Structure formats: structure tokens, C-alpha cells
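Beneath this line is the structure, given in C-alpha cells, with notes to follow.
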């Protein structure tokens, strides 16, 4: 399985799910797995067991180990998610908090320096935004999300940055424009994966 698509939206008929399915359809000749965190019931809560895992750099709970196994089989990770309050949904944030942890995504060397462990993984982002690109530009929202996700997570763990393909104005009235934006995002991700 070279590509793992991780998505999160409570509505199975959402644009997020439509884009996920379209991306999987186009990538069909390649091995693809979809991890629908909402449908699968992934628990995003960071509990004492997660704190223990972080402290010891191992001893992963079964649900976290399952996610790490999926990622270990992938060469590309595609995150398809709606933008909530100018960031990722809490479910996706909790997935990162619990899965991308000490001992697996990164570690510490004898001198306390960071050892980045995900250099085998390329990460692509497909945020689905309700507002248009102009709003994101004027307020710096896109740069803020790129800093948080690309630098704060992808770079920190040593993974490689793939493409970031926003779908803006997802709640607008123009269905044709929305379809073109979805197809452009799918094409950008597919091109990056197959490059």
C-alpha cells in the first residue's frame, strides 16, 4: 500500500468524503487505503495511557499501533479534511497527538537531540475551506496552517512535504467551480504521488 488517505468528517455525504473517494478512484491502479477516522470511531482523546507512551517512547495502545502499522506500509500520506476555525478538526489533531509520538515518529538521541524517524513518508495536504482564497491570503490563514502542519508536524518528524492543494469556497453557490477545484486538487495530489 503506497498511499494512505486519512480523512475525517462526520457526514458520509460531505465534500470531504467525495474528494477522498475521487482521489482513491483515480489512484485505483496503485494500492490505496482509506482511513476514515470518524467512520472508524478513532478516539482522539489524549489519555494517561498516551502520556505513558510518550514518556517511554513505546508501549503503544492497540488503536495507536494499528494506525502506525498503516502508516508504516505507506510511502505517501494524504490528509483530506475540512477546515474548522482555521485549522484541522479536533479528530485529526487527536490522531496526530496520539499516533505521531516519541519512539515512532521521532525520538531523542543520547544528547537529547531530536531524531526524526519518518523520512520514508511523504505527506500531502488537502484542506477543504469554506472561504475563498482571498480571505486566506488577507488574514494569513493559509500560512498559519502551513506552519502548523508542514513545519510543526511534517518537518519535525522528518517526513517529506508533498503537495498542499486547498479546495477554497467549498460552501459557495457555484457547483461547477467547486467541481473544478476538487478535480484540480485530486490532479495535483495524483501528480505528486506518481512523480
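None of the figures in this text is laboratory data; all of them are computed from the coordinates on show. Since this is a predicted model, take the numbers as computed values, not measurements.
Name the residue, out of 95, 85, 104, whose mean-square fluctuation peaks in a Gaussian network model built on the chain with Cα pairs under 10 Å.
Checking each option, the largest mean-square fluctuation is seen for 85.
Name the most mobile residue of 94, 12, 113, meaning the one with the largest mean-square fluctuation, in a Gaussian network model of the chain with Cα contacts below 10 Å.
Looking only at 94, 12, 113, the largest GNM fluctuation is found for 113.
On C-alpha positions alone, give me the angle between the axis of helix 175-194 and the longest principal axis of the chain, in degrees, nearest 10.
40
When the Cα centres of the stretch 97-116 and the stretch 173-195 are compared, how far apart do they sit, in Å?
That distance is 34 Å.
Once both axes come from the Cα atoms, what is the angle between helix 15-26 and the longest principal axis of the chain, in degrees from 0 to 90, rounded to 10?
Result, in degrees: 80.
Hey, what number do you get for the chain at 222 nm if only DSSP H runs of n ≥ 4 count, each worth -39500 (n - 2.57), divided across all residues, to the nearest 500? Kindly include the intermediate steps, with their values, before the conclusion.
Numbers: 8 runs with 79 residues, N = 195.
Mean residue ellipticity, 222 nm, calculated: -12000 deg cm²/dmol.
Tally the DSSP beta bridges in the chain and give the antiparallel ones as a percent, rounded to 5.
Working: 4 of 26 bridges.
Of those bridges, close to 15 percent are antiparallel.
With a 10 Å cut-off between alpha carbons and a GNM built on the chain, which of 111, 11, 137 moves the most?
Judging by the Gaussian network model, the answer is 111.
By how many degrees, 0 to 90 and rounded to 10, does the Cα axis of helix 62-72 deviate from the longest principal axis of the chain?
70
With both bridge residues required to lie in the stretch 1-115, what share of the DSSP beta bridges run antiparallel, to the nearest 5%? Please report the intermediate quantities before stating the final value.
Details: 3 of 14 bridges.
Taking every DSSP beta bridge within the stretch 1-115, about 20 percent pair in antiparallel fashion.
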